[in-house]
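The values are calculated or read from the model by the stated rules, or taken from the named source; none is laboratory data. If you're wondering where the values come from, they're calculated on a predicted model, not measured in any experiment. Reconstructed Cβ throughout: ideal geometry from the backbone, glycine too, with neighbour counts over all protein chains shown.
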Amino acid sequence: MNFVALDFETANEHRSSACSVGLVKVVNGVIVDSFYSLIKPEPFIFNVINSKKHLIKEQDCVNAPSLSEVWNKEIQQRIVGLPVIAHNASFDISVLINSLKLNSAIIGPFQYACSLFLSKYFLKDLPNHKLSTICTHLNIPLEHHNALSDARACAELLIHFFTISNCSSLESLFEVADCSYGFVNSDLTYNKFNSRGKRIRSTSYGSKQPSSGFDIDLQDYIDIWPDIFQGKRVVISGTFYRIPRPELEDFINITGGLNSSSVSNKTDLIIAGDKMGPSKLEKATQLGIKIISEEEFIQMITN
């Protein structure tokens, strides 16, 4: 039961804009160390939505170190040989990678996993699996969107899962929940953690996507629309230019929906990018299923 729980807050929609980091180290099921730091984000812009959540403002970070500096001086030594756990890990890992890439950093490789996915297995009856909802249910103290408090809550959550499952290691916990580690490599490519026990191919975040113009951070809208897809079966098809497709899948899951790879009479909605699959389009038309474009989806959540 040894791991490190990690959480980032961002200043704006860019994944390179980490403005604070919290870390909690667990050894033998006990919290033994913690760390918190403000970070100077890149670009140095604080939008209203983000600042309203975490209460960090521009003046707080003027003299803060870069994430690369904090990583080299404080974080790297704390995670050596330990897996990293985050709640909605796709967000935190992408923040880490994008922020470090700006400084051409080289890091020690590490494994990681997502407590959000584990929560869906061990806490099936909850209406959603946001960290705030889980902490209320389990009476875990939480100052939400304070990076250290979020990291500590994530650590307490994992300890709870160990307790109720009688597992003594993350490997045995993953076996019960049918999932596996993700990996971050020293060149900042990564294999994504997956809740179905399948490995997704290694990617360099953003560099192999159809466009470098991703400008919508869905993390900003989870608290605004916590149940927007509650009970809905959603199909994603086509190429997306403003939202990374894996993050759209995570958003649907977090907000109560179910991702489906195929169109059927049980499908409630299709979010279509460029060049939607012709067979999916034909079947959706026949069944009268609602189809919205990437832009219409963005308008829906940002209104």
Counting only residues that are in contact (Cβ under 8 Å) with a residue 24 or more places away in the chain and among the acidic types (Asp, Glu), how many does the stretch 61-90 have? 1
Among the residues of the stretch 264-300, write down those that are within 24 Å of Asn128 (Cα to Cα), buried (at least 16 other Cβ atoms within 10 Å of the Cβ) and either over 24 Å from the mean Cα position of the chain (by Cα) or not assigned by TED's automatic domain parsing to the domain that holds Gly238 (or both). Thr267
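How many residues, within the stretch 245-278, are assigned to a loop (DSSP other than H, G, I, E, B) and touching a residue at least 40 places away in the same chain (Cβ under 8 Å)?
Looking only at that region, the number is 3.
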May I ask you to verify whether Ile159 is of a type outside the set (S, T, N, Q) and either modelled with pLDDT of 90 or more or outside the structural domain of Pro141 (by TED's automatic domain parsing) (or both)? yes
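Restricted to the stretch 116-147, and to residues that are hydrophobic (A, V, I, L, M, F, W, C), touching a residue at least 12 places away in the same chain (Cβ under 8 Å) and assigned to a loop (DSSP other than H, G, I, E, B), which residue is surrounded by the fewest Cβ atoms within 10 Å (Cβ to Cβ)? Working first, answer last.
So the first thing to find is which residues in the stretch 116-147 are hydrophobic (A, V, I, L, M, F, W, C), and the list is 116-118, 122-123, 126, 131, 134-135, 138, 140, 142, 147.
Filter once more, so that each one left must be touching a residue at least 12 places away in the same chain (Cβ under 8 Å): 116-118, 122-123, 131, 134-135, 138, 140, 147.
Filter again for assigned to a loop (DSSP other than H, G, I, E, B), leaving 123, 140.
Values: Leu123: 17, Ile140: 19.
Restricting to residues being hydrophobic (A, V, I, L, M, F, W, C), touching a residue at least 12 places away in the same chain (Cβ under 8 Å) and assigned to a loop (DSSP other than H, G, I, E, B), the top hit is Leu123.
Please work out which residue is modelled with the highest pLDDT, limiting yourself to the stretch 169-207 and to residues that are part of a loop (DSSP other than H, G, I, E, B) and under 16 Å from Ile85 (Cβ atoms).
Step one: filter the stretch 169-207 for residues part of a loop (DSSP other than H, G, I, E, B), giving 169, 178-179, 181, 185-188, 192-193, 195-202, 205-207.
The next check asks that each one be under 16 Å from Ile85 (Cβ atoms); those that pass are 169, 179, 181, 192-193, 195.
Numbers: Ser169: 89, Cys179: 81, Tyr181: 86, Lys192: 69, Phe193: 68, Ser195: 50.
Selected residue: Ser169.
Of the residues Val48, Val24, Val32, only one is surrounded by fewer than 19 Cβ atoms within 10 Å (Cβ to Cβ) and modelled with pLDDT of 95 or more; which? Even if it seems obvious, please write down each step before you answer.
Numbers: Val48 fails: modelled with pLDDT of 95 or more; Val24 fails: surrounded by fewer than 19 Cβ atoms within 10 Å (Cβ to Cβ).
On inspection, the qualifying residue turns out to be Val32.
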Would you tally the residues in the stretch 1-34 being touching a Pro at 6+ places or on another chain (Cβ under 7 Å) and small (Gly, Ala, Ser)? 3
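Starting from residues that are β-branched (Val, Ile, Thr) and either part of a loop (DSSP other than H, G, I, E, B) or without any contact (Cβ under 8 Å) to a residue 60 or more places away in the chain (or both), keep the ones in the stretch 5-46 and report whichever is nearest to Leu100 (Cα to Cα). Please lay out each step first, then the result.
Narrowing the stretch 5-46 to residues β-branched (Val, Ile, Thr): 10, 21, 24, 26-27, 30-32, 39, 45.
Keeping just the survivors that are either part of a loop (DSSP other than H, G, I, E, B) or without any contact (Cβ under 8 Å) to a residue 60 or more places away in the chain (or both) gives 27, 30, 32, 39, 45.
Values: Val27: 27, Val30: 29, Val32: 26, Ile39: 12, Ile45: 18 Å.
The extreme case among them is Ile39.
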